[in-house]
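**Student:** Please read through the structure below; I'll follow up with questions.
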Amino acid sequence: MSDFYLRGETPEDIPAIHTLTAAAFANVSHSDQREPFIVDALREAEALSLSLVAELDGKLVGHIAFSPVTLSCGASHWFGLGPVSVLPQWQGHGVGSQLVLAGLDALKKQGAHGCVVLGDPGWYVRFGFVSTPLLRLAGVPAEYFQALLLNGSWPDAEVHYHPAFQV
């Protein structure tokens, strides 16, 4: 949707990002509503590798966060996607997809080796994410943990998200 403007977050966006993330996950059955606090904790820890917003008519309607993940094999330049937040009234209008595509493009340009995501396999497959036995997240069914190789070869490792995800 060309009406949306995608850009990096600014300090002025922080309260709106928190509010829209809370709204985006308020009625999601599999959410424990920690998502806005995770984004805040990542930012506070300076672990938001990439934070993009979708703006429409001066109002933020979407946000995506990417943060570094640690791989047990020592591979570097891997990132976790999420959360992706879109105001409920704008869900289903392509905002989330635009944010994911822009974020993955930015990661590629930064030389990232890959990206992982914990989420709906039916939604993330459209961006090239796949479940692979080579990358594992403890305690999560394999089909919900997916990865996208951006550069190099697949590592074989346990993946650990930033401690901010434990808020």
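Only the coordinates and a few stated rules stand behind these numbers; no lab work does. Everything quoted here is computed from the prediction, not taken from an experiment.
**Student:** Given bins 5 angstrom wide, list per bin the percent of all Cα-Cα distances in the chain, short to long.
**Tutor:** Per 5 Å bin, starting at 0, the Cα pair percentages come out as 1, 9, 19, 22, 23, 15, 8, 3, 0, 0.
**Student:** Near the amide H of L135, under 5 Å away, which other amide H atoms are found, from residues 5 or more places off or on another chain, if H is placed in the peptide plane?
**Tutor:** Answer set, sorted by chain and number: A157.
**Student:** Would you mind checking the tilt of helix 14-25 against the longest principal axis of the Cα atoms of the chain, expressed as 0 to 90 degrees and rounded to 10?
**Tutor:** The angle comes out near 70 degrees.
**Student:** Whole-Hz ³J(HN,Hα) for each residue in segment 151-158, computed from phi via Karplus 6.51 cos²θ - 1.76 cosθ + 1.60 with θ = phi - 60°, x for glycine and proline: what do you get?
**Tutor:** 6, x, 10, 5, x, 10, 6, 7
**Student:** A follow-up question, please. Check F79: other-chain or 5+ apart residues with amide H under 5 Å from its amide H, H built from backbone geometry?
**Tutor:** Hits under the 5 Å cutoff: V69, G114, C115, V116.
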